[in-house]
Amino acid sequence: ELKEIVFVIQSQSNSFHSKRAEDLKRDILKQAADLGKELPTVLLIHQMDGHEGAWTILPLMKDFSVTYGRNSSWIFFCEEDTRIQVVKLLETLGRFDGSKEWFLGKALYDEESTIIHHYAFAENPTVFQFPDFAAGWALSIPLVNKLAKKLKSEPLKSDFTIDLKHEIALYIWQKGEGLHLTPVPEFCTDDVSSYKVDHCATTFSNFLPLCGEPVKKEDVFVAVKTCQKFHGDRIPVVKRTWEREAALIEYYSDYADISIPTIDLGIPNTDRGHCGKTFAILERFLNHSSPRSPWLLIVDDDTLISIFRLRKLLSCYDPNEPVFLGERYGYGLGTGGYSYITGGGGMVFSRVAVQKLLASKCRCYSMDAPDDMVLGMCFSGLGIPITHSPLFHQARPMDYPKGYLSHQIPISFHKHWNIDPVKVYFTWLAPNTEESLNGKKVGYNREDL
């Protein structure tokens with residue numbers, strides 16, 4: 001029965017995202033009403049009581065078990081851009097015995113071991129499958145009850161949340177004592193308009209959101225963090241690739257080099273963390289940058305980014321809101337920690353967010369503290385939620401499953417390690433798939449990377 005499915009939408013409190021999630025909720029309930037069925041429960045993660053870590057799902061298992069453990073059969077999770085054919089979803093879940101433990105989804109796997117999964121299953125990473133959240137995924141209530149019981153006796157460790165879909169699958173698998181993911185072909189990430197979707201219970205609106213005209217080039221002030229030892233190898237890559245997309249760009253270093261040019265902020269370089277440098281950039285943006293752009297992008301000198309696509313994405317956000325946008329990680333969320341935007345993929349701030357941050361007393365606890373984590377801690381203390389976009393990436397394209405990237409139009413990747421970064425940019429991020437490089441037309445096949 002439809003009423004036995006609890007839908008959980010991975011929503012966010014930012015106005016753009018919460019509206020998309022509300023639209024999906026309305027669509028699910030309308031489909032149910034049109035069927036003449038008793039309406040299911042539809043929950044939005046950002047509206048659920050509790051704590052900062054609700055988006056990591058596992059801390060909610062106890063509540064799910066207590067509230068829905070008796071009268072429901074399935075918890076079905078989806079993203080705000082997942083599209084659901086309710087009738088087909090009912091048929092699909094009906095194939096599985098809801099009185100048994102099930103973990104269902106569209107399977108992803110690593111083709112090679114990767115840093116974002118701590119090099120798990122290094123001998124053969126393809127053996128471990130984890131769900132593509134974009135396609136939706138489901139837990140049967142007996143499994144929810146089991147997980148709730150386990151979490152009660154063994155609380156989650158207070159460490160990092162980096163790739164939630166992989167970490168949830170690992171927790172459920174329990175080193176071989178628990179369940180593997182069962183792949184479900186009806187959970188799809190093909191676009192709803194594709195000829196392939198006739199059998200699909202779920203589809204995904206392939207996205208780079210665009211909510212009107214892209215923001216103007218001059219509305220995005222770009223700050224590149226660098227240091228003297230990387231002036232010779234990393235900065236030339238920026239200049240050969242994405243610098244041309246930026247109208248306003250400054251390079252911040254520990255040494256003023258007029259050939260780039262770089263600006264010495266008077267902050268000594270640190271081997272790690274760079275918190276002092278980042279706060280100096282925020283201060284400069286607020287008080288000294290001209291013109292007064294509504295958006296600030298801070299990137300590392302080995303970040304590869306599409307400013308062209310970022311301008312499209314920013315058309316969806318209100319610069320009058322405090323927005324802190326990028327790829328979300330978590331720290332200590334099982335015990336009341338905080339979420340943060342990981343710096344390598346790029347951190348985007350509205351001017352209002354920077355104003356609120358610098359008006360507070362929150363600052364680096366040391367010059368070499370991790371800047372992205374300190375910012376997360378500060379914004380959490382101010383009650384300003386960070387905004388996650390899966391289109392920013394802390395690692396290289398080969399560090400992600402091909403099936404995961406196949407329904408994205410990515411905005412950034414990070415690191416030059418063991419890759420040709422210029423090739424990666426022109427393959428994945430350039431405004432056109434073919435770009436002129438040194439007067440020659442180049443086109444690369446993503447499969448080569």
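The values are calculated or read from the model by the stated rules, or taken from the named source; none is laboratory data. Computed from a prediction, not measured in an experiment: that's the story for all the values here. All Cβ positions, glycine included, derive from the backbone under ideal geometry; neighbour counts span all protein chains shown. Note: areas computed on protein heavy atoms with side chains; ligands, DNA, RNA excluded. Shrake-Rupley method; radii C 1.70, N 1.55, O 1.52, S 1.80 Å.
A few notes on this one:
- Tensor-based shape of segment 142-185 (alpha-carbon gyration tensor, a/c under 1.5 rounded, otherwise prolate or oblate): oblate
- Residue (of Asn14, Ala54, Leu2) at the positive-pole extreme of segment 1-55, dipole from beta-carbon charges: Asn14
- For segment 2-204: relative contact order, % (alpha-carbon pairs under 8 angstrom, 6 or more apart): 24 percent
- 1.4 Å probe accessible area per residue over the chain, in Å²: 43 Å²
- Long-range amide H partners of Trp102 with built H, under 5 Å: Ser140, Leu143
- Between helix 15-34 and the chain: long-axis angle, C-alpha atoms, 0 to 90°, nearest 10: 20 degrees
- Helical runs assigned H by DSSP (4 residues or longer) give the chain a calculated mean residue ellipticity at 222 nm of -8000 deg cm²/dmol, each run adding -39500 (n - 2.57) before division by the residue total.
- Using alpha-carbon coordinates, inclination of helix 164-173 to the longest axis of the chain, degrees: 40 degrees
- Annotation: the antiparallel percentage among DSSP beta bridges lying fully within the chain is about 50.
- Taking 4.7 Å between C-beta atoms as the pairing limit, the chain has these partnerless cysteines: Cys78, Cys227.
- Principal semi-axes of the equivalent ellipsoid, √(5λ) from the alpha carbon gyration tensor of the chain, are 39, 24, 21 Å from largest down.
- Rounded to the nearest whole Hz, the Karplus-based 3J(HN,Hα) values (6.51 cos²θ - 1.76 cosθ + 1.60, θ = phi - 60°) of segment 385-396 follow the sequence x, 7, 10, 8, 10, x, 7, 8, 9, 7, 10, 8, with x at glycine and proline.
- Three-way shape label, segment 2-204, alpha-carbon gyration tensor, a/c 1.5: rounded
- Surface composition of segment 141-268: carbon plus sulfur atoms hold 55% of the accessible area, using a 1.4 angstrom probe and ignoring ligands, DNA and RNA.
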